[in-house]
Amino acid sequence: MAVPIAILDCDLLLYGRGHRTLDRFKLEDVTDEYLVSMYGFPRHFIYYLVDLLGASLSRPTQRSRAISPETQILAALGFYTSGSFQTRMGDAIGISQASMSRCVANVTEALVERASQFIHFPDDEVSVQHLKDDFYGLAGMPGVLGLVDCNHVAIKAPSAEDLSYVNRKGLHSLNCLMVCDARGMLLSAETHWPGSLQDCAVLQQSALRNQFEAGMHKDGWLLGDSSFFLRTWLMTPLHIPETPAECRYNMAHSATHNVIERTFRTIRSHFRCLDGSKGTLQYSPEKASHIILACCVLHNISLEHGLDVWSSQTMGQMEQPEEEYEHMESLDSEADRVRQELLLAHFS
């Protein structure tokens, strides 16, 4: 009597003695519209991921049967974009919810391993100048290398009571520090910071700060909101603008910085596992951090492949544990001087 696939052991499904694969689902048998509705991405994008991640997802083992890389990727995309292990999704590709969970873990690991390939600052002068030109074209703000902000993602309470993940609203979260360019492409993503840390504390302890303090990104600055301290490499808005030049500076700053807020909404909208409406990520902080980073990698690959993620997503406010913050006064006289020179040179 045949054993239904839905109750086979998930390890048995994922890995194979002789490395045979379960291919119950064929990409070529369905339309692009179906793939986008179920898994969030079109066929050509999924084929690219199969080529990119296939070797990592086909590690030989001694077990009897294996799920193909293609099916593992579909299972993971289904979770990232829906926020749940839906029975109908597992049925569509012929695997159980337990197997889908293992697929998500495998694909997440493979994407995280490649994060530095897809999330990084440009390192040649021509690309850096293009970066600045793109930002200048938005609202006339010169010298911008990236937009920085933090975004909270809700997670379940860690098994060991750990108050470091409880944010100001009493919810458990990770506070994710990110930088994007004028298109919404992520240039940096640190997704592991505990939710109790304020944005300025996250930046203070981050690898991003170390890079800029060490002079790795010269002749320009990031734009950050008033939750951060002003730095020579980080321009923040003036708390109370008093002159026309200061008002113009703040307006240009706000119009430009809005791109990262829009990027956060886009990521949460496309990757519903992060938006809070399906509940918290039901993983340890470390695993939840990796899932967030995997979604960031997919976001960048989407942009590289010309997918218009902004226009295709609902841009309404998503439920999430946003933090209120106090305006951070400048404590750096050199940074004050740099901002004043910027005001005089470009906004007077």
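The values are calculated or read from the model by the stated rules, or taken from the named source; none is laboratory data. Note that the structure is predicted; figures quoted are calculated from it, not measured. Neighbour counts run over all protein chains shown; Cβ positions are idealised from the backbone, glycine included. Accessible surface areas use protein heavy atoms only, side chains included; no ligands, DNA or RNA. Shrake-Rupley method; radii C 1.70, N 1.55, O 1.52, S 1.80 Å.
Would you mind getting me the FRET efficiency between Asp162 and Asn210? Use the beta-carbon distance for r and R0 = 30 Å, nearest 0.05. With R0 = 30 Å, the Cβ-Cβ based efficiency is 0.75.
Here's the picture: a label point sits 7 Å out from the Cα of Cys247 along the beta-carbon direction, and within the range 125-165 nothing has its amide nitrogen under 14 Å of it. Ligands, DNA and RNA excluded, the heavy atoms of Leu343 present near 0 Å² of accessible surface to a 1.4 Å solvent probe. On the beta carbon distance between Gln340 and Ser56, with R0 = 45 Å, the FRET formula returns roughly 0.35.
Modelled label positions at Leu331 and Asp29, each set 7 Å beyond Cα in the direction of Cβ, lie 6.3 nm from each other. Rg/Rh for the range 154-248 stands at 1.05; both radii use Cα atoms, and Rh follows the Kirkwood definition.
Just to verify a number: FRET efficiency for Glu109 and Lys218, C-beta to C-beta distance, R0 = 41 Å, to 0.05? For Glu109 and Lys218, the calculated efficiency is 0.75. I'd like the carbon and sulfur percentage of the solvent accessible area for the range 141-274, probe radius 1.4 Å, heavy atoms only, ligands and nucleic acids excluded. Using a 1.4 Å probe with all protein chains present, the range 141-274 comes out at 52 percent carbon and sulfur. Pairwise inverse Cα distances across the range 89-171, averaged and inverted, put the Kirkwood hydrodynamic radius at 17.7 Å. Here the label points at Asp308 and Ser196, each 7 Å from Cα along the C-beta direction, are separated by 4.6 nm in the simple model.
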